[in-house]
Amino acid sequence: MFKVTGLVMNYAPIGIGFSIAATVGKNGLGVLVSLGKLVGVLYGTLAIFIIVVFVPIMLISRVPVKKFFLTTWQPFLLAFTTASSESALPKAMECLEHKMGIPKKIVGFVIPTGYSFNLDGTSLYLSLA
């Protein structure tokens, strides 16, 4: 099942690109200006959130920041390009288990729980949209 999901998610950015091209072709480049403003405000807000919340937590809990970001780069890129963190769940779990060496019991509990209850990015997006 994860292989099929991975295959679909690898081709999702191509479909998204074609969808954007069709929208711009139909409505003109003006569509991208308002979208750009929304995306800019969203990313600014998320950057502030990361600096205020995530950086102190990572420093207090002594997470190896460089190793963590190198390990989670592929799931992050998948979630970013598909605009869905749910699509990156299987890959994130796999990376944390095999590359970071976190026990399967911990990853199997913490990651799905975090996906269910910790939707801060979604909350920030919905408040702007």
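Compute the relative contact order of the chain as a whole-number percentage, counting only Cα pairs closer than 8 Å that sit 6 or more residues apart in sequence. The partial results should precede the final answer.
Details: 57 pairs, mean separation 36.3, N = 129.
With pairs under 8 Å counted, the relative contact order is 28 percent.
The stretch 1-74 gives an Rg/Rh value of 1.13, both radii derived from C-alpha positions and Rh following Kirkwood. Rounded to the nearest 20, the size of the Cβ-charge dipole of the stretch 1-91 about its Cα centre is 200 debye, with Lys and Arg at +1 and Asp and Glu at -1. Protein heavy-atom accessible surface, 1.4 Å probe, per residue over the chain: 74 Å².
Name the helices (complete DSSP H segments) of the chain with a Cα length along the long axis of 15 Å or more and a Kyte-Doolittle mean of at least 1.0, or state none.
Values: long enough: 2-27 (37 Å, 0.82); 30-49 (29 Å, 1.83); 104-117 (19 Å, 0.71).
Once both thresholds are applied, what remains is 30-49.
Which residues does a label at I106 reach in the stretch 62-78, if reach means a backbone N under 19 Å from a point 7 Å past the Cα toward the Cβ? Under cut-off, by backbone N: 62-73.
Which entries in K67/K91; K37/K66; K37/K91 show an alpha-carbon gap greater than 23 Å?
Numbers: K67/K91 16 Å; K37/K66 31 Å; K37/K91 31 Å.
Table pairs above 23 Å Cα-Cα are K37/K66; K37/K91.
Give me the base-10 log of I(q)/I(0) for the chain at each q in 0.12 Å⁻¹, Debye formula, one uniform scatterer per Cα, rounded to two decimals. Here log10 of I(q) over I(0) equals -0.59.
With the cut-off at 1.5 for a/c, could you classify the stretch 51-104 from its C-alpha gyration tensor as rounded, prolate or oblate? In terms of gyration-tensor shape, oblate.
Give the carbon-plus-sulfur fraction of the accessible surface of the chain in %, rounded to a whole number; probe 1.4 Å, heavy atoms of protein chains only. Don't skip to the end; give the middle numbers.
Details: 6910 of 9490 Å².
Result for the chain: 73 percent of the exposed heavy-atom area is carbon or sulfur.
The values are calculated or read from the model by the stated rules, or taken from the named source; none is laboratory data. All of these numbers come straight from a predicted model, not from anything done at the bench. Neighbour counts are summed over all protein chains in view; Cβ atoms, including those assigned to glycine, are modelled from backbone coordinates with ideal geometry. Each accessible area value is taken on the protein alone, full model and side chains, heavy atoms only, with ligands, DNA and RNA left out. Shrake-Rupley method; radii C 1.70, N 1.55, O 1.52, S 1.80 Å.
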